[in-house]
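First the structure, in the form of structure tokens, and then the observations on it.
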Amino acid sequence: MPNKVYVINKHGRPLMPCSPAKARHLLDAGKAKVKKRTPFTIQLVYGSSGYTQEVILGVDAGSKTIGMSASTTKEELLSAEVKPRNDVVDLLSTRREFRRARRNRKTRYRKPRFDNRVRSKHKGWLAPSVEVKIQEHITSIKRVCRILPV
């Protein structure tokens, strides 16, 4: 995959990426400024026509890694492999153990109540570990949409 520099217009909307040479000329002429270093993104300081091609984003949603690829009909513009958090289950288990240990000590602490459970009240409830994974997928897609006109 050839190197690409991602371009954002004056108003913050993504344009088609350009070559590093074109980006260097724009930066030297003062027509663009560096927006981000990773991935390298420039922002134009002048108005542009805003012409974009059709960019398709493909997402392979997995539990351990999320594969992403953005491409036009002719070339691939971005390929990424995102590793979401997988420590949420352990953190929640640790928190639950500490909470149960507090209840067993001789301290003034509220006993567990059984009429205020989330699952019985909310129909669209998901486990926190599953929610984090879904949110990570959405966040990584939004990150790509910020730099490419998907």
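The values are calculated or read from the model by the stated rules, or taken from the named source; none is laboratory data. Small disclaimer: the values here were computed from a predicted structure and weren't measured. In this analysis, Cβ positions are derived from the backbone assuming ideal geometry, glycine residues included, and neighbour counts consider all displayed protein chains. Keep in mind that these areas ignore ligands, DNA and RNA; they rest on the heavy atoms of the full protein, side chains included. Shrake-Rupley method; radii C 1.70, N 1.55, O 1.52, S 1.80 Å.
Tabulated data
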quantity	calculated
From the coordinates shown, percent of Cα pairs over 21 Å apart corresponds to which of (i) 45; (ii) 50; (iii) 61	(iii)
Of all accessible heavy-atom area on the chain, the percent that carbon and sulfur account for (1.4 Å)	51
Cut-off 20 Å, label 7 Å out along Cα→Cβ of residue 13, residues of region 50-78 by amide N	50-57, 71-72
Tilt relative to the chain, helix 128-147 - C-alpha long axis, 0 to 90 degrees, to 10	10
Debye, to nearest 20: dipole size of the chain, +1 on Lys, Arg Cβ, -1 on Asp, Glu Cβ	1660
Too-long pairs where the Cα-Cα distance tops 22 Å, listed order kept, from 4/33; 10/133; 10/83; 33/74	10/133; 10/83; 33/74
Rounded FRET efficiency, nearest 0.05, which uses the C-beta distance separating residue 37 from residue 97 and R0 of 41 Å	0.50
Cβ crowding within 10 Å averaged over residues, with 6-14, 89-97 ranked highest first	6-14, 89-97
Exposure ranking of 136, 75 by accessible area [1.4 Å probe, largest first]	75, 136
Long-range HN-HN contacts of residue 62 with modeled amide H, under 5 Å	67
Helix 88-104 axis, angle to the chain major axis (alpha carbon atoms, nearest 10°)	20
Most to least accessible of 98, 40 (protein chains only, probe 1.4 Å)	98, 40
Under 5 Å, built H, 5+ apart or other chain: amide partners of residue 8	15, 42, 43, 44
J(HN,Hα) series, region 43-51, from Karplus relation 6.51 cos²θ - 1.76 cosθ + 1.60, nearest Hz, glycine and proline x	10, 6, 9, 10, x, 10, 5, x, 5
Whole-number accessible area per residue in Å² for the chain, which is evaluated in the context of all protein chains at 1.4 Å	75
Tensor-based shape of region 1-63 (alpha-carbon gyration tensor, a/c under 1.5 rounded, otherwise prolate or oblate)	prolate
Relative contact order [Cα under 8 Å, 6+ residues apart], the chain, whole percent	24
Theoretical gain in end-to-end length, residue 75 to residue 60 [0.36 nm per residue, Cα-Cα removed]	3.5 nm
